[in-house]
Structures are given as C-alpha cells and as structure tokens.
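One structure below.
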Amino acid sequence: MLLKPAMIVFFLVFATFCPVNAQDCLTYCKKENELFTSMVNQATAETPSAVRGPPGYPGKRGTSGEKGDVGEKGSKGDSGGPAMEETDRLQGLIANLEEKLNAALRNVSDLQKQIENLSTDTIRPLRNKISKLCRANANAGWYAPSNGYQYRLFTSQQAWHASRRNCQRIGGDLAVVGMRDVATRRKLFNEILRSTNRVWIGLTDLAEEGNWVWNDDKPANAENANWSDGEPNNFGNEDCGAINWPGHTDIATVDVPCSSSLQALCEKELPSIC
C-alpha cells in the first residue's frame with residue numbers, strides 16, 4: 001500500500017503536538033489512532049485494483065491415474081412380487097417354445113435335404129413296385145391300368161341310368177377319368193373291351209341340350225371327349241355318351257339315346273398310394 005501525502009503530514013503533526021503528560025498523550029494517541037485507521041481504510045479503498053494480465057498457455061495434461069479397486073457387489077434386490085414372477089414364468093415358457101420350434105424346423109430342413117437327395121433312379125423302382133402292387137390288389141374282376149383307377153365291364157346290356165346305378169352300387173360310377181385320356185382308352189380296349197361294340201360312359205347333355213358334361217361335373221370339349229367324326233349329332237334325341245369302335249379301329253365317342261341298351265364301363269378310384 002502507498003502512503004498519500006496527507007498521511008505523512010499526520011505523522012509529522014503527531015510527533016510535534018503530542019502532549020508531554022502521559023495520560024493526555026494516551027488519550028490523544030487513541031483519537032489519533034482512530035483517525036489514522038479511518039485514513040488507512042480510505043486510502044485502501046481508493047487504491048486501484050490490480051490489472052489482470054492475459055491468460056497463460058494451457059499446461060500439459062497430466063498422466064492418467066491408476067485404476068481404482070472394484071467396488072463390493074451390492075446386495076440382491078427385493079423380489080418384484082407376483083406380477084414379476086408371472087412375467088418370469090411366461091418368459092421361460094416362450095424361451096422353451098422357441099427352442100422346440102427351432103428343433104422342429106431343423107428336423108424339417110433335414111427331411112427336405114433327404115428328399116432332395118433321392119435321385120430319380122431311386123424313386124422310379126419304388127413307384128413301379130407300388131404300381132404292380134396296386135394292380136395285383138385291385139378288386140376281383142377289376143382292371144387297373146396304372147392311372148389311379150380300376151375298371152370293370154358290366155356285360156349285361158341296360159339303359160344309361162340303370163347302368164350308372166349298377167356302377168354306383170359297387171362303389172364306382174360310369175367311367176370319366178380314363179375316358180378323357182386316349183392312351184388309357186387303348187389300354188382298356190386291349191384288356192377288357194375288345195369283344196364289345198358300344199359301351200356306356202359317364203357323359204351326357206341331359207341338363208342342357210348341346211352342353212356336354214362329364215359325371216364329375218367337368219365340361220366336355222373336342223379334346224377330352226374325343227368325339228367321332230360328325231358327333232355329337234343328336235340324331236333321334238341322343239343325350240348320352242358311349243365309346244364306339246366299329247371294326248375295332250376307332251376308339252371314339254358318340255352320342256346315343258339314353259334308353260338304348262348297352263354294356264357299361266364302371267370306374268372306381270384306387271387308394272391314394274396307387
């Protein structure tokens with residue numbers, strides 16, 4: 001702290017005018033001390049603050065301290081109550097089901113790989129064996145031409161409706177599936193129809209004239225009906241279908257009056273494995 005000129009004057013006055021008497025000098029000194037203290041405080045208040053200089057350059061970063069010890073393991077928290085227990089139970093069930101599902105998917109994947117690995121050479125002999133077994137186990141009096149169906153010829157000649165009822169009584173119907181395939185027709189002709197002329201099949205236009213429909217409700221057309229030349233012609237109200245091969249050369253379809261008496265070809269599906 002710097003002393004102002006007024007303070008210097010105070011000291012000079014104190015030294016010159018202090019009374020000689022000790023008591024008076026003590027009283028005087030107290031007063032002068034109070035005055036001096038007041039002057040010092042004033043001088044201190046008036047002294048200007050130090051001017052702050054510019055910031056210095058940042059110091060270097062210190063080295064990292066050592067890693068502290070791991071704290072002690074906390075105590076186990078309280079149970080969440082019934083709701084928490086139920087949640088845990090459900091999560092456990094879900095995890096168990098997911099594990100079972102994944103195992104099942106792995107089994108399916110393995111089976112698919114095994115099926116893919118089966119070569120055609122492996123499958124074909126099995127199919128041939130199954131086909132032979134199916135033909136051998138066809139009902140007595142029935143013929144199985146390897147199309148999934150078996151066939152029987154009713155040699156008694158009857159009208160179309162009566163012939164259909166005869167087929168239905170033995171678990172079948174008038175032939176439709178085999179009749180839509182020319183190759184099957186030829187097999188049937190060679191095996192069981194060679195000695196016949198005309199045979200009823202499951203084909204009519206009874207519901208609507210000119211709209212020929214098979215007994216399994218599939219529409220007939222020139223391709224699957226294999227009509228003979230000029231047929232159907234509805235000559236004499238011909239509403240029922242039959243297969244015909246005059247001279248055993250043309251295995252084709254013709255329309256015939258439903259009241260005509262003909263033999264009938266019945267058809268029955270074999271078990272699905274066949």
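Quick one: dipole size for the range 169-209, taken about the Cα centre, charges +1 on Lys/Arg Cβ and -1 on Asp/Glu Cβ, in debye to the nearest 20. Don't jump to the answer; show the numbers that get you there.
Numbers: 7 positive and 6 negative charges, 78 e Å.
Dipole size: approximately 380 debye.
What net charge do the residues around Asp255 carry, taking every other residue with its C-beta under 12 Å from that of Asp255, with Lys and Arg at +1 and Asp and Glu at -1?
Numbers: positive: Arg198; negative: Asp205, Glu209, Glu231, Glu238, Asp239.
That sum, taken over residues with Cβ under 12 Å, equals -4.
What shape does the range 161-232 take by its C-alpha gyration tensor, where a ≥ b ≥ c are the square roots of the eigenvalues and a/c under 1.5 counts as rounded, a/b above b/c as prolate, and the rest as oblate? Provide the component values of the computation, followed by the final result.
Working: a/c = 1.69, a/b = 1.10, b/c = 1.54.
Note, shape of the range 161-232 comes out oblate.
Would you work out which of Phe235, Val213, Ser195 lies farthest towards the positive end of the dipole of the range 159-260? Charges go on Cβ: Lys and Arg +1, Asp and Glu -1.
Highest projection toward the positive end goes to Ser195.
So how far, in whole Å, is the C-alpha centre of the range 199-228 from the one of the range 178-197?
Centre-to-centre (Cα) distance: 17 Å.
Every number here is computed from the coordinates shown, using simple stated rules; none is lab data. Quick caveat, the model's predicted, so the values are computed rather than measured. With ideal geometry, Cβ positions are generated from the backbone for all residues, glycine too; neighbour counts draw on all protein chains shown.
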